[in-house]
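First up is the structure itself, then whatever we jot down about it.
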Amino acid sequence: MRHNGAALTLTLDGEKVAFTRGETLYEVAERHGSEIPTLCYDARLEPFGGCRLCVVELEGARNPVASCTTRAGPGMVVRTRTASIEVQRRILMEMVASENRDTDVDPMHGYASQEMATLLDRYDARTGRFAGATSGRSRPDDDNPFIKRDYENCISCYRCVRVCAEQEGDYAISVMNRGFDTQITTEFGGHLKDSACTFCGQCIQTCPTGALGDLKALANRDVPGETETTRTICPYCGVGCSVDVMTRGEKIVGVLPAMDGPANEGALCVKGQFAFDFVHHPDRLATPFVRDGETGELRPASWDEALDRAAGKLSRVVRDHGRQAVYGIASGRAPHEAAYMMQRFIRAGLGTNHIDNCSRA
Amino acid sequence: MSNPLADMDKPDVIFCIGTNMTECHPVAATRLKRALARGAKMIVADPRRIGLAEIADVHLPIRVGSDVSLLLAMAHVIAREGLVNEEFVGARTAHGEDFLKHVERYTPEWASEICECDPDDIERAALLYGGADRGAIYYTVGITEHICGVDNVQSLCNLALMTGNLGREGTGVNPMRGQNNIQGAGDAGALPNNYPGFQKVTDPAHQEKFHKAYGRKVDLEIGMTKVTALDLCGDRIRAMIIDGENTLVTDPDRNHCEHALKSLDCLVVIDIFMTETAKVADVVFPATAWAETDGVCTNTERRVQRLRAAVPPPGEARPDWWILSRLARRMGWQGFDFGSAREVFNELCALSPLYNGLDWDRIDRGEYQWPVPTRDHPGTPRLHEERFENGRGIFKMLEYRDPEETISEDYPMWLTTGRRLPQYHTRTQTGRSDGIDYLLSEETLEVHPDDIVRLGLEDGGYAELSNPRGCVYVKVRGTTKSPRGTVFASFAFEDVPVNVLTGGGYDPVTQTAALKACPVALKPAGTPPALSQAGPETGAAAW
């Protein structure tokens, strides 16, 4: 990006760095590894400037400025980590923590749930200096099975309100009162089910304190083992959202949206976020079945017997009625390899084109 | 989709038709909402007052199955008002003049008699889309699941061609695909007319290519569609292998379907659950599920992405490709010695021009959208940028056709079907995931309050929904989401098998079933029977 024939640059912690018109100081600093702390920031949302942790010194400005809401300008001289800024951040963290019942929550709460605890450690801010009243009223009366609403751990960063409005366009979450009495709520203060909420879970995933939590994942908090994640694609509609499946041992314990997923950029819907445990349902087929010659019922069988039975019956059909008498239907919910092998079976095996998939139904 | 998902927040004017996106593709819908927040306008054509209609600038509550009339009239207005993109039409299309002449007679007044929309609203919609710098069309199976599905899609293409809304950012004609790999099933060649990569089976060059690859000659004739095959079960079709489809419940005319599958000499089903379809099979093979299977899928914007196994499958479940290749070997066939999903996918890539530039490793991060013809090709987020596949975009001279079955004195209500946000298809997955039933635990029939009064129904009471194919009992829910004369239910719940009723014809080209427009009779049912059954008189199966 050129400006008056020269690259746009500013001075960041003594170093001359380039930036693009429209970038904020926070974005420029992030690109250069400055690790400015924030609690109200979500890269997908409009900058909010609420938590004041991202303040930096800007030469010529009387007070420190919030880097998330300040656009970079040519020639600016910015200091992100001066002693006084770091003291200010530590005090802020101590004050923020003082309003919450818990400062440490299980990571199963959600994607961003460790942000506050991480900053408390970084600033050594678990001092309890400001211990006293806690703010926020939890809603254990909301019996929904997905979203824990534990506002006693809320710091009023408004990320849930903003993700619901800006990212989802649902406007299900709102704010009541001001200052210390700020309360995150829904329209008419009721249960989420009676609001515009679609249970997409985005509020959970952006919450930096675990005030909002993924109840389905939390139900698995006692499953032994380390949590591992595997990147895959949601099994439902054709949008193809990327997800990180959380597992412990052989069990899926939850789903995280992939913030860098090319199709969804961190967004999910209720199905992709919460409808994963069908995989472990006791109804899953775990052996082949064949129809018993005597009873006429399906009964479990070995792979050998089932493959023999299927091949035998198919071969008989081919012998008696010709290879044109066999038809294959592939699935729109199985991977390419399944559909490819089905058409290969029909084409390379039988030499016909009697193959289709379920898109006509 | 002709355009990437990332384009969805870029149009000036959005035209959604036959797509209940906030419920069926919720994450894509969030992009449209962002476009609206940015100032874009939106037209929504749908018989029901769906979520998108609530936030639209113009809602056209068309009668089910009348899309062509609406789209002809919109073309008429665009032509009449001089909003045709002459440069685009001249440089990139064929039969433009004929088309503009063709639509002269199709006024909004004419269309309003058919689609039952206010002619002024049709006019407004046409002016909005026609006047857009970036106009984008989005549709789903509300467009295709009609006897005139192809005509509907071509009508949309006509609009995009006449306004030059193709091949640019924030434009396009964009179908939203309904299953996570329905696009991929077609890409991989699971179609009766195409080899992998949509290579026509009737082209001698393609035949030669696959003869060489598979070591066997494949018939020159196009195969049957699934619809024809189901019609010929027990006759010319004697055996079926069905992978991961609950055909019995999802296909139209359930009784016909069940009869067809039961008349086979051999039915082999591969699935993860004992579905209604698996229950009538001779052999059922247990497949690995999502999160247990390594593989590849392609999304609605043609993005080729990796599926990865995170947990082991239950018991002896195996990947579909393994099952089918081992079955092929058991048939005594050569060339099915695959050892991994990687090997299978790489063979597909080698044989499909759309995937020639890809392989298992290259799609690791999902950055490619097909076509990717060569190794040095960056992929194709946007189709038709410079030219169309076959040279010029061809205008089609279409006429409106009535659905095969229309409402009558005996069957005076339209039934239309679809999905609901929390539940997916026949609930084989969502019905087995904890908590989803908290959001939606039973099916209800959406009926306009005036119809409830007129037909003597009770809001919350049961109704009998019937036509000559069968009868379904369902709880009634009064809502102005349904227009007068049209009722809606999803096919998610097994105790409300609405596909007992559907099945009034198919598109003659694609043989896609007319699932969206079905005349029915509707009357109060008193207390509900245990489970809806087929056969309006006897309550017994109809075969």
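The values are calculated or read from the model by the stated rules, or taken from the named source; none is laboratory data. Model, not experiment: these values are computed from the prediction. Methodologically, a virtual Cβ is constructed for each residue, glycine included, from the backbone with ideal geometry; neighbour enumeration extends over all protein chains shown.
Tally the residues that are at the interface with chain B (Cβ under 7 Å from one of its Cβ atoms) and either under 14 Å from A:Phe199 (Cα atoms) or in a helix (DSSP H, G or I) (or both), restricting the search to the range A:233-276.
Total meeting the criteria: 7.
Do the conditions hold for B:Ile143, that is, is it in the same structural domain as B:Phe88 (by TED's automatic domain parsing), at pLDDT 95 or above and surrounded by 23 or more Cβ atoms within 10 Å (Cβ to Cβ)?
The answer is no for B:Ile143.
Since B:Phe15 meets every condition but one in (1) more than 9 Å from chain A (Cβ to nearest Cβ); (2) in contact with an Asp or Glu (Cβ under 9 Å, 6 or more places away or on another chain); (3) of a type outside the set (D, E, K, R), which condition does it not meet?
B:Phe15 satisfies every listed condition except (2).
Here are the criteria: (1) within 23 Å of B:Arg302 (Cβ to Cβ); (2) surrounded by fewer than 24 Cβ atoms within 10 Å (Cβ to Cβ); (3) of a type in the set (S, T, N, Q). Tell me which single one B:Asn20 does not satisfy.
Evaluating B:Asn20 over (1) within 23 Å of B:Arg302 (Cβ to Cβ); (2) surrounded by fewer than 24 Cβ atoms within 10 Å (Cβ to Cβ); (3) of a type in the set (S, T, N, Q) leaves (2) as the failure.
Quick check, is B:Ala310 without any contact (Cβ under 8 Å) to a residue 40 or more places away in the chain, farther than 30 Å from B:Arg382 by Cα and at the interface with chain A (Cβ under 7 Å from one of its Cβ atoms)?
Yes: the conditions hold for B:Ala310.
Please verify whether B:Ile43 is among the hydrophobic types (A, V, I, L, M, F, W, C) and touching a Pro at 6+ places or on another chain (Cβ under 8 Å), treating the condition exactly as stated.
For B:Ile43, the condition - among the hydrophobic types (A, V, I, L, M, F, W, C) and touching a Pro at 6+ places or on another chain (Cβ under 8 Å) - is not met.
Only one of B:Val269, B:Val304, B:Val280 is more than 8 Å from chain A (Cβ to nearest Cβ) and either surrounded by fewer than 22 Cβ atoms within 10 Å (Cβ to Cβ) or of a type in the set (Lys, Arg) (or both); which?
Answer to the check: B:Val280.
Return the only residue of B:Tyr368, B:Tyr424, B:Tyr400 being in the same structural domain as B:Leu522 (by TED's automatic domain parsing) and under 27 Å from the mean Cα position of the chain (by Cα).
Selected residue: B:Tyr424, the only one of B:Tyr368, B:Tyr424, B:Tyr400 that is in the same structural domain as B:Leu522 (by TED's automatic domain parsing) and under 27 Å from the mean Cα position of the chain (by Cα).
Results for (1) among the polar types (S, T, N, Q); (2) within 20 Å of the chain's Cα centre (by Cα); (3) within 11 Å of chain B (Cβ to nearest Cβ), shown as yes or no for each residue.
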| residue | (1), (2), (3) |
| --- | --- |
| A:Thr134 | yes, no, no |
| A:Pro140 | no, no, no |
| A:Asn144 | yes, yes, yes |
| A:Glu166 | no, yes, yes |
| A:Cys200 | no, yes, yes |
| A:Ile204 | no, yes, no |
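So, B:Val344, is that one aliphatic (A, V, I, L, M), surrounded by 16 or more Cβ atoms within 10 Å (Cβ to Cβ) and in a helix (DSSP H, G or I) or not?
It is true that B:Val344 is aliphatic (A, V, I, L, M), surrounded by 16 or more Cβ atoms within 10 Å (Cβ to Cβ) and in a helix (DSSP H, G or I).
Out of all the residues in the range A:297-329, which are under 25 Å from B:Gly315 (Cα atoms), more than 7 Å from chain B (Cβ to nearest Cβ) and not in a helix (DSSP H, G or I)?
Answer for the range A:297-329, where residues must be under 25 Å from B:Gly315 (Cα atoms), more than 7 Å from chain B (Cβ to nearest Cβ) and not in a helix (DSSP H, G or I): A:Glu297, A:Arg299, A:Pro300, A:Ala301, A:Ser302.
Listed here are the residues, each with its yes/no results for (1) among the small types (Gly, Ala, Ser); (2) in contact with a strand residue (DSSP E or B) (Cβ under 8 Å, 6 or more places away or on another chain).
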residue	(1), (2)
A:Asp308	no, no
A:Lys313	no, yes
A:Val317	no, yes
A:Gln324	no, no
A:Ser331	yes, yes
A:Ala338	yes, yes
A:Met341	no, no
A:Phe345	no, yes
A:Asn357	no, yes
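Return yes when B:Leu70 is in the same structural domain as B:Thr19 (by TED's automatic domain parsing) and within 13 Å of B:Ser155 (Cα to Cα) and no when it is not.
yes
Would you mind telling me which numbered condition in (1) assigned to a loop (DSSP other than H, G, I, E, B); (2) more than 7 Å from chain B (Cβ to nearest Cβ); (3) buried (at least 21 other Cβ atoms within 10 Å of the Cβ) A:Gly332 fails?
(2)
From the list B:Phe198, B:Phe210, which one is more than 9 Å from chain A (Cβ to nearest Cβ) and either touching a Cys at 6+ places or on another chain (Cβ under 7 Å) or in contact (Cβ under 8 Å) with a residue 60 or more places away in the chain (or both)?
After ruling out the rest, the residue left standing is B:Phe198.
Would you tally the residues in the range B:359-410 being under 30 Å from B:Ala79 (Cα atoms), aromatic (Phe, Trp, Tyr) and assigned to a loop (DSSP other than H, G, I, E, B)?
So the count comes out to 2.
What helices (runs of 4 or more DSSP H), lying completely within the range B:201-317, carry at least 3 residues that are closer than 30 Å to A:Thr295 by Cα?
The helices (runs of 4 or more DSSP H) meeting that bar are B:226-231, B:247-250, B:254-262.
Checking B:Glu367 against (1) in contact with a helix residue (DSSP H, G or I) (Cβ under 9 Å, 6 or more places away or on another chain); (2) at the interface with chain A (Cβ under 8 Å from one of its Cβ atoms); (3) over 30 Å from B:Asn152 (Cβ atoms), which test does it fail?
(1)
Looking at (1) of a type in the set (A, V, I, L, M, F, W, C); (2) part of a helix (DSSP H, G or I); (3) away from every other protein chain (no Cβ under 13 Å), which is the only condition B:Leu166 fails?
(2)
Any chance you could count how many residues in the range A:221-275 are over 25 Å from B:Thr140 (Cβ atoms) and of a type in the set (Val, Ile, Thr)?
Residues flagged as over 25 Å from B:Thr140 (Cβ atoms) and of a type in the set (Val, Ile, Thr) within the range A:221-275 amount to 8.
Name the strands (runs of 3 or more DSSP E) wholly within the range A:152-224 that hold at least 1 residues that are among the aliphatic types (A, V, I, L, M) and in contact (Cβ under 8 Å) with a residue 60 or more places away in the chain?
Ranges flagged: A:212-214.
Take the residues in the range B:233-266 that are basic (Lys, Arg) and closer than 21 Å to A:Ala310 by Cβ, then tell me which one is nearest to the other protein chains (Cβ to nearest Cβ).
Only one residue tops the list, namely B:Arg238.
Output the residues belonging to the range A:333-356 that are in contact with a Ser or Thr (Cβ under 9 Å, 6 or more places away or on another chain) and either modelled with pLDDT under 95 or among the β-branched types (Val, Ile, Thr) (or both).
Within the range A:333-356, A:Ile346 is the sole residue that qualifies.
May I ask you to list the residues in the range A:306-337 that are in contact with a Gly (Cβ under 7 Å, 6 or more places away or on another chain) and either touching a residue at least 40 places away in the same chain (Cβ under 8 Å) or closer than 19 Å to B:Arg330 by Cβ (or both)?
Listed by number, the residues that qualify are A:Arg323, A:Arg333, A:Glu337.
Of the numbered conditions (1) more than 9 Å from chain A (Cβ to nearest Cβ); (2) closer than 26 Å to B:Gly149 by Cβ; (3) in contact with a Gly (Cβ under 9 Å, 6 or more places away or on another chain); (4) surrounded by 20 or more Cβ atoms within 10 Å (Cβ to Cβ), B:Gln423 satisfies every one except a single condition; which is it?
Here B:Gln423 clears every test but (1).
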